[in-house]
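Reviewing the structure listed below.
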Amino acid sequence: MSRVRVLALPLLVASLLIAACGGDDETATTEATGTTGTTGTTEAMVETTMAPETTETMVETTMATETTETTETTETTETTEVALGSLVDVATAAGNFTTLLAAVEAAGLTETLATSKLTVLAPTDEAFAALGQPAIDALLADPAQLTAVLQGHLLPLPQDAATIGIFSSVVTVSGTSLAVTNDGTTVTIGGATVTAADIPADNGFIHVIDTVILPAAAG
């Protein structure tokens, strides 16, 4: 009996050691496989979920930027305008209305021509010279008469030559009526021929005429 017990004891110890080692291997394998597999799968799912959201955010940001740039370009284009200047500015820049502008200044009408919506029938310096210097001096010496003559060259709203040519007469700021003729190529107003039409200003039009319209020419 003692020899059997002596032989059985080592066998029992060996069996216990083998069982213990086998359990550790299985645990290690389970831990390695379970942990690694779960972590890898979780990270892949996270990346797969986040990737579309990131792409959508980038697309939305790009579209918003392009829309903003387009809007700014449109606003810049719409608000860009070229200032022509007032009727006084345009007449001064033309350089051939010095006598007319001097008469306007003497009559106190400069502010009116600079701010009011008007059409100016503008005699050139050559047209005034045709009156003769004594007639010009007489007008400048009589402010009331000068004002009446100048107002007889103003129409009370902006009108291009084509519009004026439709009518048989137009009424001036002074209240006088000027006869209009239009043969399809030439327009005359109050007996004066329009030699250059539709010169634009911020507050109206200038039509260049070859004759000073005096009150006797009113129809």
In the stretch 118-147, residues that are more than 45 Å from the chain's Cα centre (by Cα) and within 19 Å of ILE189 (Cα to Cα) total 2
Among helices (runs of 4 or more DSSP H) completely within the stretch 81-142, the ones holding 3 or more residues that are out of contact with any Gly (no Cβ under 8 Å at 6 or more places or on another chain) and crowded, with 19+ Cβ neighbours inside 10 Å are 87-94, 98-106
Selection from the stretch 160-201 of residues surrounded by 15 or more Cβ atoms within 10 Å (Cβ to Cβ) and assigned to a loop (DSSP other than H, G, I, E, B) yields GLY165, THR172, VAL173, SER174, THR176, GLY190, GLY191
Condition met for LEU150 (without any contact (Cβ under 8 Å) to a residue 24 or more places away in the chain, in a helix (DSSP H, G or I) and over 29 Å from the mean Cα position of the chain (by Cα))
no
Condition set without any contact (Cβ under 8 Å) to a residue 40 or more places away in the chain and touching a Gly at 6+ places or on another chain (Cβ under 6 Å), scope the stretch 173-209, selection nearest to THR112 (Cα to Cα): answer is SER174
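Values in this text are rule-based calculations from the coordinates and carry no lab data. All figures in this text were calculated on a predicted structure; none of them were measured in a lab. Here the Cβ is made from the backbone with ideal geometry for all residues, glycine too, and neighbour counts use every protein chain on show.
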